[in-house]
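One structure is given here, and the rest of the page talks about it.
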Amino acid sequence: MSLSSNSNYLPKGNLQGFKTYFKNDILSGFLVFLIALPLCLGISLASGYPAVAGIFTAIVGGLIATFLSNSELTIKGPAAGLIVIALGCVQEFGFTGGEDPEKDFQAYRLALGVGVVAGVYQIILGLFRVGILVKLFPSAAIHGLLASIGIIIISKQFPVLMGLSPQGNPLELLANIPLFLINMNPKVGLIGILGVVIVLSYGLIKNPKLKLIPAPMLMLLIIVPFGTFLGIGVEGSYTFNNQVFELGRNFLVNVPDNLFNAVTLPDFSGITTETGIKYTVLFAIIGTLESILSAKAIDAIDPWNRKTNLDRDLLATGIANTVSAFIGGLPMISEIVRSKANIDNGAKTRFANFYHGMFLLICVALIPGVINQIPLAALAALLVITGYRLASPHEFVSIYRQGIDQFIIFVSTILGVLATDLLKGLAIGIGVKIIIHFIRGGSIFTLNAK
């Protein structure tokens, strides 16, 4: 009898499982931590939050959600899929992108207030057992939503990868990519391009010992010393091709030396405004959708075929999100990439998620000076690759093979998001689904989310 079919060998996230699978889970938790650290930092900065905000999120997700959810193999933390919402929220609350630090800090606190309320919404959804509502959203529309988020991430992060900071809507930024390449800060751009090359070339590595280091961390181990050699963080300027380019600390990550000094309390004065209401709904709906879909996807590849109680997991995520926002963190979900890595690294129970959060806490508390040597362009490289994976040509081909109707819904959602915003774009996708359903002769009684 195989282990996977023998319930006596079924790993369980209780005290016995904690003892039995300690070595498996702590090793996987450490390896996932190596993946999570640069991603948490990059997602935070791309969202307009302080770099440490994403670390707070993953710490809370690991140390709190682990004991509330029965999802054995998912990793809780900030996700690239929520970058667009978080950035939109702080921008509408007055975020200036560094031009006025006081306004930026206030926008951040107002966004935290929205995050707390969104977490409470998720708690209510979990208590009333409405995880099943995910089935109301067409699959093609959800995939279109994620693909559009990928496109927006690429458009926003590519200039950062080049050492630039232009503003504009996603379509304008995408159209200006040739100009970004021409006008890039050469030293910073070299760091960013090298980061992309290292991560994309990771699959070519044959050395099994080197492969133990996850691609994001391997990239940082190369990029950080190289960035120091180039003087990326040294205040001053240099001339290249008869042009003058600036360098300095603003091209590096900035986390406080004392973790407690970074704790920031939310401001609830914006939650009843139009912006506050809109982003509370967006955080709650999109975060819930992504988290449930990720949990279901990980359940499908769980070697022991364990199933997550989606309502309980949503309740756990909501509680953790509320706590995270109260101390200055980003919204969290069950993150698919880190969760998949968790399985690949041999995790057995939910305590791997706990260890991943614990290692992040130790890292930020003890070695903030090392983290502050990471070039922002390296983190942008990771996010550009993440965005590409969300909106890859393979995703378009995959949806097209499901049928022309699904492809129309998929593309309509993408165009709707890029032309308006996430909530309206998702509504457009759902509307197109309904229209196609009735054109095909369907009735209200046969309408479903497929």
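Tabulated data for the structure shown
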{"quantity": "Of THR322, THR20, THR308, the one that fluctuates the most in a GNM where the chain has Cα springs shorter than 10 Å", "calculated": "THR20"}
{"quantity": "Compactness of the stretch 290-352, expressed as Rg and Dmax over alpha-carbon positions, Å", "calculated": "12.3, 36"}
{"quantity": "Under the span-like rule (Cα at least 30 Å along the axis, Kyte-Doolittle mean at least 1.0), DSSP H helices of the chain", "calculated": "22-46, 139-161"}
{"quantity": "Rounded FRET efficiency, nearest 0.05, which uses the C-beta distance separating ILE124 from THR96 and R0 of 35 Å", "calculated": "0.55"}
{"quantity": "Probe 1.4 Å - accessible area at ASP344, Å² to nearest ten", "calculated": "100"}
{"quantity": "Alpha-carbon Rg with Dmax, taken over the chain, Å", "calculated": "21.6, 72"}
{"quantity": "GLU235 accessible area, 1.4 Å probe, all protein chains in place, Å² to nearest 10", "calculated": "120"}
{"quantity": "Two-site label geometry, ALA427 and PHE22: point separation in nm, points 7 Å out along Cα→Cβ", "calculated": "5.4"}
{"quantity": "Point-to-point label distance, LYS211-HIS394, nm (Cα→Cβ direction, 7 Å offset)", "calculated": "1.7"}
{"quantity": "Electrostatic dipole magnitude of the chain [Cβ: Lys, Arg +1; Asp, Glu -1; Cα centre; debye, to 20]", "calculated": "1500"}
{"quantity": "Cα-Cα over 23 Å, subset of LYS76/LYS348; LYS296/LYS348; LYS206/LYS340; LYS278/LYS340", "calculated": "LYS278/LYS340"}
{"quantity": "Gaussian network model of the chain, springs between alpha carbon atoms under 10 Å - residue of ILE153, ILE399, ILE83 with greatest fluctuation", "calculated": "ILE399"}
{"quantity": "The stretch 384-438 and the stretch 24-80: distance between their alpha carbon centers, rounded to Å", "calculated": "28"}
{"quantity": "Per principal axis, descending, Cα span of the stretch 196-315 in whole Å", "calculated": "58, 50, 32"}
{"quantity": "Accessible-area composition of the stretch 338-407, carbon plus sulfur, in percent [1.4 Å probe]", "calculated": "65"}
{"quantity": "Accessible area of the stretch 1-125 belonging to carbon and sulfur atoms, whole % at 1.4 Å probe", "calculated": "62"}
{"quantity": "Pairwise FRET efficiency - ARG440 versus THR228, Cβ, R0 = 51 Å, nearest 0.05", "calculated": "0.25"}
{"quantity": "Value at 222 nm in deg cm²/dmol, rounded to 500, when DSSP H runs of n ≥ 4 in the chain each add -39,500 (n - 2.57)", "calculated": "-20000 deg cm²/dmol"}
{"quantity": "Tail weight of P(r) past 17 Å, computed on alpha-carbon pairs of the stretch 114-207, percent", "calculated": "69"}
{"quantity": "Candidates per trypsin sites (Lys or Arg not before Pro) in the stretch 181-231, loop by DSSP, up to 11 other Cβ within 10 Å", "calculated": "LYS206, LYS209"}
{"quantity": "Å² per residue, accessible surface of the chain at 1.4 Å", "calculated": "44"}
{"quantity": "Most mobile of LEU382, LEU204, LEU112 in a GNM of the chain (Cα contacts under 10 Å)", "calculated": "LEU204"}
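The values are calculated or read from the model by the stated rules, or taken from the named source; none is laboratory data. None of the values given here were measured: they were computed from a predicted structure. Methodologically, a virtual Cβ is constructed for each residue, glycine included, from the backbone with ideal geometry; neighbour enumeration extends over all protein chains shown. To get the accessible areas, we keep the full protein, side chains included, count just its heavy atoms, and leave off ligands, DNA and RNA. Shrake-Rupley method; radii C 1.70, N 1.55, O 1.52, S 1.80 Å.
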